[in-house]
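Trainee: Can you keep this structure in mind? I'll have questions shortly.
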Amino acid sequence: MTKQFVSFIKDLYQTDEFIPLHAPTFAGNEQQYVAETINSTFVSSVGKFVDDFENHIEAYTGTVNAVATVNGTAALHAALYMAGVKANDIVITQALTFVATCNALHHMGAQPAFVDVSPISLGLCPKALELFLDEYAVLTETGPVHKTTKQRIKAVVPMHTFGHPVELHELIAVCSKWKVSLIEDAAESLGSFYKGQHTGTFGDYGAISFNGNKVITTGGGGMVLCKTLDAGKRTKHVTTTAKVPHPYEFYHDEAGFNYRMPNLNAALGCAQMESLPAFIENKRKLALLYADFFNNSAYKFVTEPGYAKSNYWLNAIICPDKQSREKLLKNANDNGVMTRPIWQLMHRLPMFKNAFRGDLSYSEFIESHLVNIPSSPVKSLGGV
């Protein structure tokens, strides 16, 4: 299977050179818009492309207000801050995630609690969430607290793993019952829809990433998706050092963040947004080819849940055992085809080893069996 896989990938991408996991594609007006920004001298956070990019995201996702930030971690940090998460709060998330999810919590002084992911989505499992709350929490008039430590359990942060939407309606029902905020880590899911609605628009806030390896990129960048105009206005204020507008005076009415996206990055994002529909179509065609290749094999290709339309940001396969996973990883990388295992579970990292956690059986299975495979758009499939 390994030799067949390497040959298939090289034929698909029509190259014998190194094939990355996910490379950016610049096929439109990127150079023109970036050059325009440089010529204008407005390369920092003041400039027309920042507003334009926010407007593009609002129109595409259907969110009420979008606020651009320097990266996805900053977007999530700002979303947590806006949702009222404070030091010593517990925030429930998944152990199967990229470390940035938990870093944002850590730097707020909040503590993550880990629950299992769902076989349906590879994202936070609503049943595991409810089991954790039933076992460890008690509901008070102001919301749930941990039975033993009495810490406030303020929010739940599901992450749409590889762009596949989590079971949002079920998670919303649990969060509503327990009176906790839902904040979507939608870093990987631009272009993914749950029952026709874009991810990141269901929770109190959503956070998107535009890192260089995402579906579209601004080099570095993120976006906070807000459900109301007031929430968006305040998010923009606190991410712009909480500076009160004035023709010349510097007055800041609270401790804010210097998180605004530079105009230079936003210019790149505006050009990338023009190509986003084509990118998504191309990646979904690629996913179908992978699904066909692995059909009737011992390897299971990860497909979108039945309720969703996924961007297939990173394609993934579940290997029959850990030994076959290691063989695939080594042989593919040795032959110039980049593959990688999924992230180590968060509770295995030293800074989160003492975090509360429920049963993580399925997360542990995925950790030892899953491999990500090349997911860049393929020229022969069109749109790039």
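The values are calculated or read from the model by the stated rules, or taken from the named source; none is laboratory data. Given the structure is predicted, the values throughout are model-derived calculations rather than measurements. Cβ atoms come from the backbone with ideal geometry, glycine included; neighbour counts cover every protein chain shown. Remember, those area values only see protein heavy atoms, side chains included, never the ligands or the DNA or RNA. Shrake-Rupley method; radii C 1.70, N 1.55, O 1.52, S 1.80 Å.
Trainee: For Tyr307, state whether it is touching a Leu at 6+ places or on another chain (Cβ under 9 Å), of a type in the set (Ser, Thr, Tyr) and buried (at least 19 other Cβ atoms within 10 Å of the Cβ).
Mentor: no
Trainee: Taking region 1-53, which residues are within 15 Å of Ala271 (Cα to Cα) and charged (D, E, K, R)?
Mentor: Glu30, Glu36, Lys48, Asp51, Asp52
Trainee: Next up: Please specify each residue of region 351-384 satisfying the condition of being of a type in the set (Gly, Ala, Ser), over 20 Å from the mean Cα position of the chain (by Cα) and farther than 17 Å from Tyr299 by Cβ.
Mentor: Across region 351-384, the qualifying residues are Ala355, Gly358, Ser361, Ser380, Gly382, Gly383.
Trainee: A follow-up question, please. Quickly run through region 119-172 and pick out the residues that are part of a loop (DSSP other than H, G, I, E, B), surrounded by fewer than 24 Cβ atoms within 10 Å (Cβ to Cβ) and not charged (D, E, K, R).
Mentor: Matches in region 119-172: Pro119, Ile120, Thr142, Thr148, Thr149, Gln151.
Trainee: If you don't mind, another one. Collect the residues in region 24-50 that are under 28 Å from Val99 (Cα atoms) and either surrounded by 16 or more Cβ atoms within 10 Å (Cβ to Cβ) or in contact with a helix residue (DSSP H, G or I) (Cβ under 6 Å, 6 or more places away or on another chain) (or both), keeping them in residue-number order.
Mentor: Of everything in region 24-50, those that are under 28 Å from Val99 (Cα atoms) and either surrounded by 16 or more Cβ atoms within 10 Å (Cβ to Cβ) or in contact with a helix residue (DSSP H, G or I) (Cβ under 6 Å, 6 or more places away or on another chain) (or both) turn out to be Pro24, Thr25, Ser45, Val50.
Trainee: Out of all the residues in region 243-274, which are hydrophobic (A, V, I, L, M, F, W, C), open to solvent by 30 Å² or more (accessible area, probe 1.4 Å), assigned to a loop (DSSP other than H, G, I, E, B) and touching a residue at least 12 places away in the same chain (Cβ under 8 Å)?
Mentor: Those that are hydrophobic (A, V, I, L, M, F, W, C), open to solvent by 30 Å² or more (accessible area, probe 1.4 Å), assigned to a loop (DSSP other than H, G, I, E, B) and touching a residue at least 12 places away in the same chain (Cβ under 8 Å): Ala255, Phe257.
Trainee: When the residues of region 186-203 are filtered to those that are open to solvent by 10 Å² or more (accessible area, probe 1.4 Å) and in a strand (DSSP E or B), which remaining residue is nearest to Pro165 (Cα to Cα)?
Mentor: Across region 186-203, the extreme among qualifying residues is Phe193.
Trainee: Is it the case that Ala74 is of a type in the set (A, V, I, L, M) and open to solvent by 10 Å² or more (accessible area, probe 1.4 Å)?
Mentor: Against the criterion (of a type in the set (A, V, I, L, M) and open to solvent by 10 Å² or more (accessible area, probe 1.4 Å)), Ala74 does not qualify.
Trainee: May I ask you to verify whether Ile216 is assigned to a loop (DSSP other than H, G, I, E, B), buried (at least 20 other Cβ atoms within 10 Å of the Cβ) and not polar (S, T, N, Q)?
Mentor: yes
Trainee: Applying the selection to region 275-300, what residues are in a helix (DSSP H, G or I), crowded, with 16+ Cβ neighbours inside 10 Å and not hydrophobic (A, V, I, L, M, F, W, C)?
Mentor: Ser275, Asn282, Lys283, Arg284, Lys285, Tyr290 - these are the residues of region 275-300 that are in a helix (DSSP H, G or I), crowded, with 16+ Cβ neighbours inside 10 Å and not hydrophobic (A, V, I, L, M, F, W, C).
Trainee: Do you know which of the residues in region 223-242 that are open to solvent by 20 Å² or more (accessible area, probe 1.4 Å) and under 21 Å from the mean Cα position of the chain (by Cα) is nearest to Leu190 (Cα to Cα)?
Mentor: Lys227
Trainee: Could you check how many residues of region 19-39 are aromatic (Phe, Trp, Tyr) and touching a strand residue (DSSP E or B) at 6+ places or on another chain (Cβ under 8 Å)?
Mentor: Final tally of qualifying residues: 0.
Trainee: Going through region 312-331 one residue at a time, which ones are among the small types (Gly, Ala, Ser) and touching a Leu at 6+ places or on another chain (Cβ under 7 Å)?
Mentor: Ala316, the sole residue that qualifies.
Trainee: Could you look through region 204-213, keep only residues that are of a type outside the set (Val, Ile, Thr) and either part of a strand (DSSP E or B) or modelled with pLDDT under 95 (or both), and pick out the one that is surrounded by the fewest Cβ atoms within 10 Å (Cβ to Cβ)?
Mentor: Asn211
Trainee: Go through region 85-112 and report how many residues are under 14 Å from the mean Cα position of the chain (by Cα), of a type outside the set (Val, Ile, Thr) and open to solvent by 10 Å² or more (accessible area, probe 1.4 Å).
Mentor: Number of matching residues: 3.
Trainee: Something else about it: Which of the residues spanning region 348-384 are assigned to a helix (DSSP H, G or I), closer than 16 Å to Leu124 by Cα, open to solvent by 20 Å² or more (accessible area, probe 1.4 Å) and not polar (S, T, N, Q)?
Mentor: Of everything in region 348-384, those that are assigned to a helix (DSSP H, G or I), closer than 16 Å to Leu124 by Cα, open to solvent by 20 Å² or more (accessible area, probe 1.4 Å) and not polar (S, T, N, Q) turn out to be Tyr362, Glu364, Phe365, Glu367.
Trainee: Within region 51-61, identify whether any single residue is small (Gly, Ala, Ser), without any contact (Cβ under 8 Å) to a residue 60 or more places away in the chain, open to solvent by 40 Å² or more (accessible area, probe 1.4 Å) and farther than 30 Å from Asn296 by Cα, and answer yes or no.
Mentor: Yes, there is a match, as at least one residue in region 51-61 is small (Gly, Ala, Ser), without any contact (Cβ under 8 Å) to a residue 60 or more places away in the chain, open to solvent by 40 Å² or more (accessible area, probe 1.4 Å) and farther than 30 Å from Asn296 by Cα.
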